[in-house]
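Worksheet: one structure, shown below.
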Amino acid sequence: MSGIVGIINLDGVQVSPLLLTRLTDFIAFRGPDRQATWSNGPVGFGHALLQTTDQAQFERQPLTLNGQVWIVADARVDQRPALLAALKLTSQLDLNTVTDAELILRAYQQWDTDCVQHLLGDFAFAIWDERHQRLFCARDHFGVKPFYYAMIGRSFIFSNTLNCLRQHPLVSNRINERALADQLLFTVNYNLETTAFADVQRLPPAHSLTLAATAGLRKQAYWALTLPDKLLRYRHADDYIEKFKELLEASIADRLRTKKVAIFLSGGLDSSNMAASAVDVAAHRGLSLDLQAFTTVYDWLIPDQERYYSGMVAEAFGLPVHYQVADNYKPYAHFEQPELQTPELDSYAFHQLQYDCYADVVTHSRVVLYGEGPDEALVGEGAILAQFKELPAGDVLTDAIRTWQLLHIRPGIGLNLQGRIRSWLGRVKSPNPDLNAQYPTWFNPDFEKQYDLPGRWREVMAADVKSPHDRLRSKAARKMVSPYYTAMNEWNDYWASQQAVEVRLPYLDLPLVSFMLALPPLPWCSYKGISRLALRGRVPEAIWKRQKSPLAGDPLYSWLMRGEKLPLLNLANPAEFSKYVHIDKYVATLSYHQLEVWRVEAALQPIELSYWLQQVVQFPTSV
């Protein structure tokens, strides 16, 4: 969660030390332990250190080993012993003291830009190579660490903090209206290379970037998530469970590396497995681990049972549990406060709650484990007939029998006779016949026409429709690398960074993700069988047999249905807002009691836009 920033002037103009220092000071909230800069003529790096590993006490960034190659990084490198062995440095470097930035730098010295092929973990880094007069940058596979940049004339500015770039005097506040249109249409920008600001770009996950005065700027993907050629086939059911536990424990071990750790514990399957693995890792490795649980609960606003279930899990593993009671947090409350304003438009109405959750976490630890991942990676076709197209009949029947024996669940046949009959009769002409059902009707007509928003809506919606060429587990793979996933990671990073906390996601570990995507749908994915069975015998039966469900109700929807009066629009600049939204149409069509619960956040995007535009207008454009 450390802060990084850099400036490269390709025209040879010397980097201003004062400007570099001020940009570094701006990201000190990310790294309160130490801020430092380095510059050499037209190149300058800044770093704000947040110590979140035992090795970080030895951290000194920006870092060089030879005065020729410099690195600035926000990184946690996984499988460090294997990397050290591949570098042939096991006898020369002590894993107890060598930092992650040094390991990346040594990997670069060994393999040049191919170093990313040897790195696992969460990282965003930049390396200046004086020998080649070249900048090399990279972002981790799932985009857990953000990386933003701006190319203005012959100046290249980068940071892992979007608002830091907006502090540079060359970077304007001009809005990228195409990105904003995506956000208003889908609650997320589907273009992973752009941001809400015209001058600021984002490096997509699993991409690297090189910049040189002669060759210019070049981006390329260094990795792509692919499905295995064949699904895993073990003889015994227990082999699947043990492999899952083994991989999760290895991932958790890589993400501990400090004595005090927090965990978001919901009482669901994924966070409970994380807790079990963390306790096991500490016991097996003789670690002194102070693990404490943090849970958001609702006592009266919605029919929530997380207090009960998380309490059961915490008791099973002997964890202290802290409850964040969320009932009294009102939507859009205090949105005007600077600490609650997000760099880009989002779709969440409870910024104060998110801010306070991380404020609670940091009272115990700077590291929090978060169980995001299995809901996407374990998506699987539960219907038996869907699997006969790819799997041998014997395997399908074996898996169906296992599902009944292990989970006492009978898999569905998946005939969908009504849908087939309608299709035969010609009443359904496309895989998704009602693409326009939820298309917003409140856009400014000129804005809508300029960017062909109906066409953009159809383009994205059609891409989300299942293709006849999809394989088993294709949906899971798509979800793992979707724009929503990148947005979620950046959103978590933003809120955690406000309190100098680092979010670690054990399920976003490449070996573990590869394993989950290779699992047969039955019984391991459907019903989240692998997660359930890994907990059997470790937690009360009520936990591992618990029905998988989202939050028992939507807090925003519940507030609206209670008659909560929202500040409808925050229009300090009505002319700017009306460029995007036809105000009268929006107010006329917004009837809270006619909203479907799953559409409420999308329907209220203009309210959030009104607050966000006010923030953009007020934000200083230079230091």
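The values are calculated or read from the model by the stated rules, or taken from the named source; none is laboratory data. These numbers come from a predicted model, not from an experiment. All Cβ positions, even for glycine, are placed from backbone atoms using ideal geometry, and neighbour counts span all protein chains on display. SASA here: full protein model, heavy atoms, side chains in, ligands and nucleic acids out. Shrake-Rupley method; radii C 1.70, N 1.55, O 1.52, S 1.80 Å.
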**Request:** Of all residues in segment 386-401, count the ones that are open to solvent by 70 Å² or more (accessible area, probe 1.4 Å) and over 12 Å from Pro523 (Cα atoms).
**Result:** 4
**Asked** Given (1) out of contact with any Leu (no Cβ under 6 Å at 6 or more places or on another chain); (2) surrounded by 17 or more Cβ atoms within 10 Å (Cβ to Cβ); (3) charged (D, E, K, R), where does Asp78 come up short, assuming only one miss?
**Response** (1)
**Asked** Inside segment 438-555, counting only helices (runs of 4 or more DSSP H) that do not spill past its ends, which hold 1 or more residues that are of a type in the set (Gly, Ala, Ser) and surrounded by 19 or more Cβ atoms within 10 Å (Cβ to Cβ)?
**Response** 474-480, 483-497, 529-535
**Message:** Could you check segment 206-238 and list, in sequence order, the residues that are under 18 Å from Leu512 (Cα atoms), in contact with a helix residue (DSSP H, G or I) (Cβ under 6 Å, 6 or more places away or on another chain) and not aliphatic (A, V, I, L, M)?
**Reply:** Tyr234
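Residues checked against (1) under 25 Å from Ser514 (Cβ atoms); (2) of a type in the set (A, V, I, L, M, F, W, C); (3) under 30 Å from the mean Cα position of the chain (by Cα):
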| position | (1), (2), (3) |
| --- | --- |
| Cys357 | no, yes, yes |
| Asp360 | no, no, yes |
| Lys389 | yes, no, no |
| Asp399 | yes, no, no |
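Residues are listed down the side, and each one gets a yes or a no for (1) at positive phi; (2) crowded, with 23+ Cβ neighbours inside 10 Å; (3) touching a residue at least 60 places away in the same chain (Cβ under 8 Å):
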site: Ile8; (1), (2), (3): no, yes, yes
site: Leu20; (1), (2), (3): no, no, no
site: Pro42; (1), (2), (3): no, no, no
site: Ala48; (1), (2), (3): no, yes, no
site: Asn66; (1), (2), (3): no, no, no
site: Val72; (1), (2), (3): no, yes, yes
**Message:** Against the conditions (1) open to solvent by 50 Å² or more (accessible area, probe 1.4 Å); (2) farther than 30 Å from Lys330 by Cα, where does Tyr240 fall short? Just the number, please.
**Reply:** (1)
**Prompt:** Does segment 337-370 hold any residues that are at pLDDT 95 or above and touching a Pro at 6+ places or on another chain (Cβ under 8 Å), and which are they?
**Reply:** Leu369
**Asked** Within segment 529-541, is even one residue more than 22 Å from Ala275 (Cβ to Cβ) and either touching a Leu at 6+ places or on another chain (Cβ under 6 Å) or modelled with pLDDT of 95 or more (or both)?
**Response** no
**Asked** If you check Leu103 against the conditions, is it open to solvent by less than 10 Å² (accessible area, probe 1.4 Å), among the aliphatic types (A, V, I, L, M) and more than 23 Å from Gln55 (Cβ to Cβ)?
**Response** no
**Number of the exception - Val13 against (1) over 23 Å from the mean Cα position of the chain (by Cα); (2) of a type outside the set (S, T, N, Q); (3) at pLDDT below 95** = (3)
**Request:** For residues that are of a type outside the set (S, T, N, Q) and touching a Phe, Trp or Tyr at 6+ places or on another chain (Cβ under 7 Å), scanning just segment 444-473, find the one that is modelled with the lowest pLDDT.
**Result:** Val460
**Request:** Just give me the residues in segment 217-237 being at pLDDT 95 or above, touching a Ser or Thr at 6+ places or on another chain (Cβ under 8 Å) and either aromatic (Phe, Trp, Tyr) or surrounded by 14 or more Cβ atoms within 10 Å (Cβ to Cβ) (or both), in sequence order.
**Result:** Leu217, Lys219, Tyr222
**Message:** Of the residues Leu512, Leu453, only one is within 22 Å of the chain's Cα centre (by Cα) and in contact (Cβ under 8 Å) with a residue 12 or more places away in the chain; which?
**Reply:** Leu512
**Complete:** Thr195 vs (1) surrounded by fewer than 15 Cβ atoms within 10 Å (Cβ to Cβ); (2) of a type in the set (Val, Ile, Thr); (3) within 21 Å of Val144 (Cβ to Cβ): all pass except (1)
**Fill in**
From the option list Arg166, Arg178, single residue qualifying as basic (Lys, Arg), out of contact with any Leu (no Cβ under 7 Å at 6 or more places or on another chain) and surrounded by fewer than 22 Cβ atoms within 10 Å (Cβ to Cβ) is Arg178
**Request:** Please list, ordered by first then second residue, the pairs with beta carbon atoms under 6 Å, 6 or more apart or interchain, first in segment 532-548 and closer than 19 Å to Tyr308 by Cβ, second open to solvent by 90 Å² or more (accessible area, probe 1.4 Å) and not small (Gly, Ala, Ser).
**Result:** Trp544/Arg536
**Prompt:** Which residue pairs have Cβ atoms under 8 Å apart, sit 6 or more places apart or on different chains, and have a first residue in segment 22-40 that is over 13 Å from Gly6 (Cα atoms) and at pLDDT 95 or above and a second that is in a strand (DSSP E or B) and open to solvent by 60 Å² or more (accessible area, probe 1.4 Å)?
**Reply:** Ala28/Gln35
**Request:** Please work out if Ser159 is of a type outside the set (D, E, K, R) and within 25 Å of the chain's Cα centre (by Cα).
**Result:** yes
